[in-house]
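Comments concern the structure below.
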Amino acid sequence: MKFAIQVNEGPYQHQASDTAFQFAKAAIENGHEIFRVFFYHDGVNNASRFTLPPQDDRHVVNNWASLDIKNAEGEPELVVCVAAALRRGMLDESEASKNSIEGNNLHPAFRISGLGQLIEAGIQCDRLVVFGD
Amino acid sequence: MATKKFMYLNRRSSFGTVYAIESLEVVLIAAAFEQDVSLAFMDDGVYQIVEGQETDGIGMKNFSKTFHALGDYDINKLYVSKESLEERGLSESDLMPLVYEDEDDDWEEKPSVKVVTNDELKAIMSEQDVCLSF
């Protein structure tokens, strides 16, 4: 089955992102396709490459990155909503330079794009599964 | 592109968390994809379409007026839980008079809001292809 996943909560404060990750991992291991993971609301904070949990805790961001979900063109399909991201200070190189801000915090396994990507995923996939509170 | 039935389920009030406004942002973007869109309001979500919201005192953007634009985007199925209204001492007359122009009926202005029981809402939800919960 072809799945899209939406993650609506940030890492650590809520378990939604962990549960979504476990779901995605299990789906892939069982031969299903994860077409796209879309990060919305505080979910955009799952993409910060500055995330440094204590060593005995799971690393939510690296967990997502380890799934290596990409499309046929080799682009990451871990997609962060641009409006939600900019509002919360989650920037890639391009958004940072567009806004004359030095530095950026988006992990390279993720990419920033628009909400249309969420709707497209809903249309393309057999199931869109929403993880939040 | 295939047409699917999309439902946006709103369960939280307008303010206090960001879910309501960011849900509305998804709905507006989704309008461009020409899908069969409906919205449902239940639990505290019914507060989102209460008439006469005033935000000057809390420094938040009053986005409630945006709901009036939905009709122009062919989004005219807004279901409101009867039980959720009653639990909060609200009735249909407390809600914004949201309307759309029916192109199949000489552009007559018709109400977009429909108060339904939770059982009816359950049946409508089970018909959906995609249900996004906010």
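Tabulated data for the structure shown
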| item | result |
| --- | --- |
| Charge dipole (debye, nearest 20) of chain B; +1 at Cβ of Lys and Arg, -1 at Cβ of Asp and Glu | 680 |
| Chain A: relative contact order as a whole-number percent, Cα under 8 Å and 6+ apart | 35 |
| Chain A: antiparallel DSSP beta bridges as a percent of all, rounded to 5 | 10 |
| Zone residues, region B:18-44, relative to B:M60, backbone N less than 20 Å from point 7 Å out along Cα-to-Cβ | B:18-28, B:40-44 |
| Exposure proxy order (Cβ contacts within 10 Å, fewest to most) of B:V115, A:V61 | B:V115, A:V61 |
| In nm, spacing of pseudo-spin labels at B:N118 and A:L86 (7 Å Cα→C-beta vector) | 4.1 |
| Cα centroid separation - region A:1-44 against region B:105-134, whole Å | 28 |
| Cα centre as origin, Lys/Arg/Asp/Glu Cβ charges: chain A dipole, Debye | 140 |
| Selection from B:Y19, B:I29, A:N99, by position along the positive dipole direction of the protein assembly as shown (Cβ) | A:N99 |
| Rounded to the nearest 20 debye, dipole of the protein assembly as shown from Cβ charges on Lys, Arg, Asp, Glu | 1040 |
| Hypothetical label at A:R49: residues of region A:92-126 whose amide nitrogen lies under 18 Å (7 Å Cα-Cβ projection) | A:92-113 |
| Separation of the B:M125 and A:K25 label points, Cα + 7 Å toward Cβ, nm | 3.0 |
| Within chain A, helix-based [θ] at 222 nm, where runs of 4 or more DSSP H residues each add -39,500 (n - 2.57), nearest 500 | -8500 deg cm²/dmol |
| Region A:104-133-region A:70-93 distance, computed between alpha-carbon centres (Å) | 8 |
| Per-pair calculated FRET efficiency, R0 = 45 Å: B:E101 and A:D56 via Cβ, rounded to 0.05 | 0.15 |
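No lab work stands behind these numbers, since they all come straight from the coordinates. The structure presented is a predicted model; accordingly, all values stated were derived computationally and were not measured. Glycine gets a Cβ as well: all are built from the backbone with ideal geometry, and neighbour counts include every protein chain shown.
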